[in-house]
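First up is the structure itself, then whatever we jot down about it.
The values are calculated or read from the model by the stated rules, or taken from the named source; none is laboratory data. Since we're looking at a predicted model, the values are computed, not measured. Every residue, glycine as well, gets a Cβ built from its backbone with ideal geometry; the counts of neighbours run over all protein chains shown.
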Amino acid sequence: MNRVTLFNSPLLLGFDHFERLHDRVAKSAHDGYPPHNIEAIGEHGLRITLAVAGFAREDLHITLEDNQIVIRGQQAEEAGKVYLHRGIAARQFQRNFVLAEGIVVTGATLDSGLLSIDLARPQHNPVSRTIEIRNGELTQPQTAAKRTPPGESR
């Protein structure tokens with residue numbers, strides 16, 4: 001079965017990196033735990049907030065891996081506790097967010113069961129440049145033997 005790619009147009013050269021990112025995001029989009037919000041903070045800031053009730057600061061780990069922020073949570077089992085009913089899930093999780101080029105993680109806080117990760121978005125400065133057009137023939141790879149035009153002899 002052939003896979004239909006998002007960036008298969010001949011006009012989109014060098015976008016295979018984006019296709020890999022798209023595949024990575026599509027795989028992680030189906031996991032809804034823990035629930036999260038993404039909000040704009042000011043003109044150039046973002047905040048990711050995850051609901052991690054029951055997790056202590058020591059149970060949470062945030063890493064930046066190849067333009068992807070990875071949040072992992074794993075609660076330690078408390079020895080000696082006997083539960084008659086366990087309705088509060090104590091499961092581990094891993095949540096990934098792919099970051100655009102230039103996004104910087106500025107900090108993280110845990111307050112009242114909400115983990116907030118602050119990000120800074122770079123300011124976009126449009127770049128424009130002129131490409132010089134030169135006169136001349138297209139360069140072709142040199143071959144060992146020169147060809148003789150038809151009708152001429154060596």
Subject >> Any hit, the range 123-135, residues being at pLDDT 80 or above, in contact with an Asp or Glu (Cβ under 9 Å, 6 or more places away or on another chain) and over 22 Å from Pro35 (Cα atoms) >> reply: yes
Subject >> Conditions (1) more than 13 Å from Ile62 (Cα to Cα); (2) surrounded by 10 or more Cβ atoms within 10 Å (Cβ to Cβ); number of the one not met by Val82 >> reply: (2)
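Anything in the range 30-85 that is part of a strand (DSSP E or B) and either in contact with a helix residue (DSSP H, G or I) (Cβ under 6 Å, 6 or more places away or on another chain) or at pLDDT below 90 (or both)? List them, or say none. Break it down into steps so the answer makes sense when it comes.
Within the range 30-85, the first condition is being part of a strand (DSSP E or B), and the residues that meet it are 36-41, 45-51, 60-64, 68-73.
Gly73, the sole residue that qualifies.
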